[in-house]
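The values are calculated or read from the model by the stated rules, or taken from the named source; none is laboratory data. Predicted model only: the values in this text are computed from it and were never measured. Cβ sites come from the backbone with ideal geometry, for glycine too, and all protein chains shown count toward neighbours. Note: areas computed on protein heavy atoms with side chains; ligands, DNA, RNA excluded. Shrake-Rupley method; radii C 1.70, N 1.55, O 1.52, S 1.80 Å.
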Amino acid sequence: MKIERFQVAPGNCVVDRDSSCRMQFVFSWELLASAEVCIFRAGEERAIYCSPTEKAGRVSLELSVSETTRFDLALKQAPEKIASSSIRILAVGRQVRLKRRHLWSFL
């Protein structure tokens, strides 16, 4: 099975150090032919979503992600991955958040 596109948005999530990112992520895909596909978290056997038979799809899922995570798209009847996309977690330290500029520095 050929795929034209598989992506997750947003692809990055900025969190405080030692925190997880919990938000809505939008997964979208385009196939060359109609098929039932499932989305898996890399390394897990249970799908987080399976689509009806369609050539293109889009789904919004609320997920909690604590580290950079890869998601795989696979055919429902043969769970062999056909595409991957990742969510990158960017941790911000306390010293970065507290840094402020003076008002006159923006003028």
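Quick notes on this structure:
- Matching residues, segment 5-64, being over 23 Å from Leu75 (Cα atoms) and β-branched (Val, Ile, Thr): Val14, Val15
- Selected residue (only one of Arg5, Arg70, Arg17, Arg22 is more than 30 Å from Gly93 (Cα to Cα), surrounded by fewer than 15 Cβ atoms within 10 Å (Cβ to Cβ) and not aromatic (Phe, Trp, Tyr)): Arg5
- Screening segment 75-88 for residues that are at pLDDT 90 or above and out of contact with any Gly (no Cβ under 9 Å at 6 or more places or on another chain) and picking the one that is nearest to Ala42 (Cα to Cα) gives Ser84.
- Scoring Trp29 on the criteria (1) at positive phi; (2) surrounded by 14 or more Cβ atoms within 10 Å (Cβ to Cβ) leaves a single failure, condition (1).
- Residues that are more than 15 Å from Ser84 (Cα to Cα) number at least 3 in the following strands (runs of 3 or more DSSP E) confined to segment 1-67: 12-16, 21-35, 54-65.
- Verdict on Val37 being open to solvent by less than 70 Å² (accessible area, probe 1.4 Å), among the β-branched types (Val, Ile, Thr) and at pLDDT 90 or above: yes
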